[in-house]
């Protein structure tokens, strides 16, 4: 009787273990597939690694898709990923039409050049398409530090977080609409910012230590400058247009929303804030 009581739990444990092992195997296979899928959706950077402590500028051209740039010291190296919009639907349609659809192709190139004091990361589209069609493709860039940024895109929003230096953004072309632009600077930004979209809102969220000579343009929307910090001089509001000098700044900040609102918000921690307009 006693021996039966001793061996019965062992039999139960063995039975449970044999039932769990296949599940563990399946989970391991799923993780491996997920890791491979993530790797296939990366854009390799040609050139030296972009690491913490180096001055970096970025130039991005995405003819059809969203662009997101996050500059944070917690990112030890630069990392670029992409995602084909509505990828599952495109797979299904391609299968029905009888051609191959590869969502992990080389849709972009990324080249890092270093001229000494400042290095530049240039992200450019290739001519890769699917049966003559290039789908919307979203780009996301993580970088330890960004000291200047130029973006040209269409067909989606632009989000910029933690970037310093001169910022130039143009969203939309004569053949394709742009999207919302949201820029969240650090607590102090004293460089030029130009941001224009032909379809959507342009929003700048910046900190109390920033300065600027502002021009907000929104011919079909509203302009607003909201701040409890600093001093605004020479404020000149009119319908769809606002100009003013904030904190005696000489750096030009021009936000142009041709079919949306142009607004500025000054808060203590702009990097952590989300307006919701860019969603």
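The values are calculated or read from the model by the stated rules, or taken from the named source; none is laboratory data. As the structure is a prediction and not an experimental result, all values here were calculated from the model. Don't worry about glycine lacking a Cβ; one is built from the backbone with ideal geometry, like all the others, and counts go over all protein chains shown.
How many of the residues making up segment 34-59 are in contact with a strand residue (DSSP E or B) (Cβ under 9 Å, 6 or more places away or on another chain), modelled with pLDDT under 85 and farther than 12 Å from residue 77 by Cβ?
Matching residues across segment 34-59 total 1.
Can we say residue 171 is out of contact with any helix residue (DSSP H, G or I) (no Cβ under 7 Å at 6 or more places or on another chain), under 23 Å from residue 79 (Cα atoms) and free of Cβ contacts under 8 Å to residues at least 60 places away in the same chain?
For residue 171, the condition - out of contact with any helix residue (DSSP H, G or I) (no Cβ under 7 Å at 6 or more places or on another chain), under 23 Å from residue 79 (Cα atoms) and free of Cβ contacts under 8 Å to residues at least 60 places away in the same chain - is met.
Got a sec? Which strands (runs of 3 or more DSSP E) wholly within segment 143-249 have at least 2 residues that are under 14 Å from the mean Cα position of the chain (by Cα) and within 30 Å of residue 117 (Cβ to Cβ)?
Where strands (runs of 3 or more DSSP E) fall fully within segment 143-249 and carry at least 2 residues being under 14 Å from the mean Cα position of the chain (by Cα) and within 30 Å of residue 117 (Cβ to Cβ), they are 148-153, 158-161, 166-171, 181-184.
Yes or no: residue 135 in contact with a helix residue (DSSP H, G or I) (Cβ under 8 Å, 6 or more places away or on another chain) and closer than 20 Å to residue 85 by Cβ?
Criteria met by residue 135.
Pairs please, first residue from segment 42-62 and on the phi > 0 side of the Ramachandran plot and assigned to a loop (DSSP other than H, G, I, E, B), second anywhere and surrounded by fewer than 17 Cβ atoms within 10 Å (Cβ to Cβ) and at pLDDT below 85, Cβ atoms under 9 Å, 6+ apart in sequence or on different chains.
Final answer for the pair search is none.
Which residue, of 213, 197, is buried (at least 24 other Cβ atoms within 10 Å of the Cβ) and either under 22 Å from residue 72 (Cα atoms) or in contact with a strand residue (DSSP E or B) (Cβ under 6 Å, 6 or more places away or on another chain) (or both)?
Checking each option against the conditions leaves just 197.
Sort through 196, 206 and tell me the only one that's touching a helix residue (DSSP H, G or I) at 6+ places or on another chain (Cβ under 7 Å) and at pLDDT 95 or above.
Only one candidate qualifies: 206.
When residue 72 is evaluated against the numbered criteria (1) within 14 Å of the chain's Cα centre (by Cα); (2) at pLDDT 95 or above, which criterion, by number, is the only one it fails?
Single failed check for residue 72: (2).
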